[in-house]
1. Please state the shape class of segment 77-131: rounded when a/c is under 1.5, otherwise prolate if a/b exceeds b/c and oblate if not, all from the C-alpha gyration tensor.
2. Please list 28, 201, 1 from largest to smallest accessible area, probe radius 1.4 Å, with all protein chains kept in place.
3. Using heavy-atom solvent-accessible surface (probe 1.4 Å) with all chains present, what is the largest-first order of 36, 203?
4. Assuming a viscosity of 0.692 mPa s and a temperature of 37 °C, what translational diffusion coefficient in µm² per second does Stokes-Einstein assign to segment 1-82, Rh being the Kirkwood radius over Cα pairs?
5. Once phi is turned into ³J(HN,Hα) by the Karplus curve 6.51 cos²θ - 1.76 cosθ + 1.60 with θ = phi - 60°, what whole-Hz value does each residue of segment 158-166 show in order, with x for glycine and proline?
6. Per-residue HN-Hα couplings for segment 194-210, Karplus 6.51 cos²θ - 1.76 cosθ + 1.60 at θ = phi - 60°, whole Hz, x for Gly and Pro?
7. Over the heavy atoms of residue 182, what accessible area does a 1.4 Å probe trace out, to the nearest 10 Å²?
8. Distance in nm between label sites at residue 46 and residue 198, each 7 Å beyond Cα in the beta-carbon direction?
Amino acid sequence: MSHTDRTALFRRLLTERILVIDGGMGTMIQRFGLTEADYRGERFRNWRCDMKGNSDVLSITRPDVIEQIHRAYLEAGADIIETNTFTANHPSQADYGAEDAVREINLAGARIARKAADDVAARSGQPRFVAGALGPTNRTASLSPDVNDPAFRNIDFDQLVDTYRVAAQALIEGGVDLLLIETVFDTLNAKAAAFAVRQAMDEAGVDLPL
């Protein structure tokens, strides 16, 4: 099914009933008791810093775990599953020195979720949808992190737009049905995300629900 067809179906279903979205990803990951080696995998085997706690990188290093979680939510009745990409942005990945992996993480996260959703939809006969998750980053464009310098910012609007656009482009390429800007604690960050998503959709020639 094409992006256009899935979008039309998604919007039609919203007029007919409530669609159920999945639950937390991080809490489900914790149940697996993963080690540093799991987080590193082959891709980050010799990485320069610890990777444990970087849940989004598991879409690359332990895709089986992420797919299993997606399938559990789908089997429980979720109509929509979110990609494992909450921290797949430049500022958040900078904590692990993995800024250059932002696109890779988002693309992998989208493809895993797409596969799980399509497999369960084919088996159940019920459509399932993928929401590309865009988290808030670990910085705020509206407030200073330094109480002694209220005018200081450690990120600006254009920087946020850049990282959100990279993420959104990869999520769209990976086959998501909608984009979800989630856990908003700064409306300026959210505006940057929305602006970037619109840019990414225009570039891809799609009009996904946001």
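The values are calculated or read from the model by the stated rules, or taken from the named source; none is laboratory data. Since this is a predicted model, take the numbers as computed values, not measurements. Quick reminder, even Gly has a Cβ in these numbers, built from the backbone with ideal geometry, and neighbours come from all protein chains shown. With ligands, DNA and RNA removed, areas are computed over all heavy atoms of the protein, side chains included. Shrake-Rupley method; radii C 1.70, N 1.55, O 1.52, S 1.80 Å.
1. prolate
2. Sorted descending by solvent-accessible area, the residues read 1, 28, 201.
3. Working: 36 45, 203 115 Å².
Per-residue accessible area, sorted high to low, gives 203, 36.
4. Numbers: Rh = 14.7 Å.
For these conditions, the coefficient is 223 µm²/s.
5. 5, 5, 5, 4, 4, 6, 5, 5, 4
6. 4, 4, 5, 4, 4, 4, 5, 5, 4, 5, 8, x, 10, 9, 8, x, 10
7. Here the residue's solvent-accessible area equals roughly 40 Å².
8. 4.6 nm
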